[in-house]
Amino acid sequence: MSRAQKLFLLAMTGAIWILALVVRYAFESQHHHPPPSQLYSVISQQIHAFQAADYRDAYRHVSSGFQDRFSLQAFADLARSDYPELIAADHLEFGATLQKPGEASVEVFAILPNGSVLPCIYRLIHEPDGWHIDSTTIQRPLPSSERIGPTRL
């Protein structure tokens, strides 16, 4: 093998290594795990919009897939009929988060005016313009006298 061929082979090997590093960096930057506070903020903003009866603002926090399935009016009707306790919450407390590339689940505890706790699981997905709520699962309300244990996400 001539010296020129050896140099060419060495240069190609270096170029492949550099390309691998660039691809890895791009993949990792796309699939980073946000701080939980970023997820909490999306959920809080939607609940505050619900409480202000600003369903248009609340709707902008749901995923594009959800928006494909529900119009703004259907979403507002769903919120009023299926989530009145959540809308009436005095405040929210956040629990565990489980994150995978492009999606996250967040434990949310809505503290209701009577002191009872409404545990929920929010599923968020990452879209090009940020994190959006894809689903909310409300669990059995807990009376104020019941202690909250861990929830399996």
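Side notes on the structure shown:
- Of the residues L10, L118, I87, the one whose Cα sits farthest towards the positive end of the charge dipole of the chain is L10 (charges of +1 on Lys and Arg Cβ, -1 on Asp and Glu Cβ, taken about the Cα centre).
- Normalising the average separation of contacting C-alpha pairs (under 8 angstrom, six or more residues apart) by the number of residues puts the relative contact order of the chain at 18 percent.
- Principal axis dimensions, largest first and in whole angstrom, of the chain by Cα: 83, 37, 19
- Rounded to the nearest 20 debye, dipole of the chain from Cβ charges on Lys, Arg, Asp, Glu: 840
The numbers here are math on the coordinates, done by the rules we state, and not lab data. All of these numbers come straight from a predicted model, not from anything done at the bench. Using ideal geometry, Cβ is built from the backbone for each residue, glycine included, and neighbour counts are taken over all protein chains shown.
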